[in-house]
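Derivation of every value follows stated rules applied to the coordinates shown; laboratory data play no part. Note that the structure is predicted; figures quoted are calculated from it, not measured. Cβ coordinates were reconstructed from backbone atoms using ideal geometry, including for glycine residues, and neighbour counts include every protein chain displayed.
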Amino acid sequence: MDVIRCEVCGATQSLPSLEPRRRAFCYRCKSEVARGATLSLDAPLALCLAALIFWVLANSIPFITLQYGGITQTNRVFTGVSALWMDRQFFLSVLVGMTSIAIPGLQLTLACGLMLALKQGISGDKLRPLSRFLAFIAPGSMPGVYLVGAFVAAVKLSQLATLTPGPGLYCFGAFALFWVLGLGSLDLEAAIKDFRPRRSVR
Ligand SMILES: [Zn+2]
């Protein structure tokens, strides 16, 4: 039971925790004093956490193995970025590293943290700067571009070398898929409004 004070007439009243989509009205002036959340963050949170796990895996295990002329070379996701850097393609290297690896990882970590904070009842007003920052970095996050680039490179290289996909490639694919599903199903602005904690006078 929470003790709530009506913002209109000031009457205090105890309320049980509200089921989703239920509203409670003041016993005296009949104005709305509380409402249950209408959105569930369970699905976006689970999808974003899955994306984050696959992001860690994709970055830590072999992505692709190249064999040419008796030489075997195992590449990780980051190998492509460092190869561009070595090739003095600094701008492209930073661009690929940021848009495919760094920003999506940061975006997922912040989104998961925000959802957990909202579920813990932390006021959406305190979280608003973080949600604005998330919206600001969102256009710079495009892990799918890396996959397309990797496939184009693989098609070109397949005439010269034998390519074997590593587990990291599948993990990167799963990461990109869960990234789209998780962040696509999350309406942060609506969730922040919805998860406003009730005013308690206890
Ligand atoms: Zn009232």
TODO: Mind checking the full-extension length gain between Gln120 and Asp187? Use 0.36 nm per residue of separation minus the Cα-Cα distance, one decimal, nm.
DONE: 22.4 nm
- [ ] Report, ordered by chain and residue number, the aspartates and glutamates lying within cross-link reach of Lys30, taken as a straight Cα distance under 12 Å and ignoring same-chain residues fewer than 8 apart.
- [x] Glu7
Task: Karplus (6.51, -1.76, 1.60) ³J(HN,Hα), θ = phi - 60°, over segment 116-121, in Hz, Gly and Pro reported as x - done: 5, 5, 5, 5, 7, x
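Trypsin sites (Lys or Arg not before Pro) within segment 87-142: which are DSSP loop residues with at most 11 other Cβ atoms inside 10 Å? If you can, show how the numbers build up before the last one.
Numbers: sites: Arg88, Lys119, Lys126, Arg132; in loops: Arg88.
Passing sites in segment 87-142 are Arg88.
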Open item on the list: Under a Cβ-only charge scheme (Lys and Arg +1, Asp and Glu -1), can you give me the dipole magnitude of the chain about the Cα centre, in debye to the nearest 20?
Closed with: 800
Task: Degrees separating the helix 77-86 axis from the principal Cα axis of the chain, which is the longest one - done: 60
- [ ] Output ³J(HN,Hα) for segment 163-169: one whole-Hz value per residue in order, computed from phi by the Karplus curve 6.51 cos²θ - 1.76 cosθ + 1.60 with θ = phi - 60°, and x for Gly and Pro.
- [x] 10, 10, x, x, x, x, 5
Task: For the chain, Cys with no neighbouring Cys Cβ under 4.7 Å - done: Cys48, Cys112, Cys171
TODO: Determine the distance separating the Cα centre of segment 123-202 from the Cα centre of segment 104-121; give it in Å without decimals.
DONE: 12
TODO: Note the full-extension length gain between Ser17 and Ser158 as 0.36 nm times their separation in residues minus their Cα-Cα distance, in nm to one decimal.
DONE: 44.7 nm
Task: Cα gyration tensor shape for the chain, rounded if a/c is under 1.5, else prolate or oblate - done: prolate
Task: Nonlocal amide H pairs with Arg22, under 5 Å, H built at 1.01 Å - done: Gly36
- [ ] Pop the C-beta distance of Arg5 and Ala43 into the FRET formula with R0 = 30 Å and round what comes out to the nearest 0.05.
- [x] 0.35
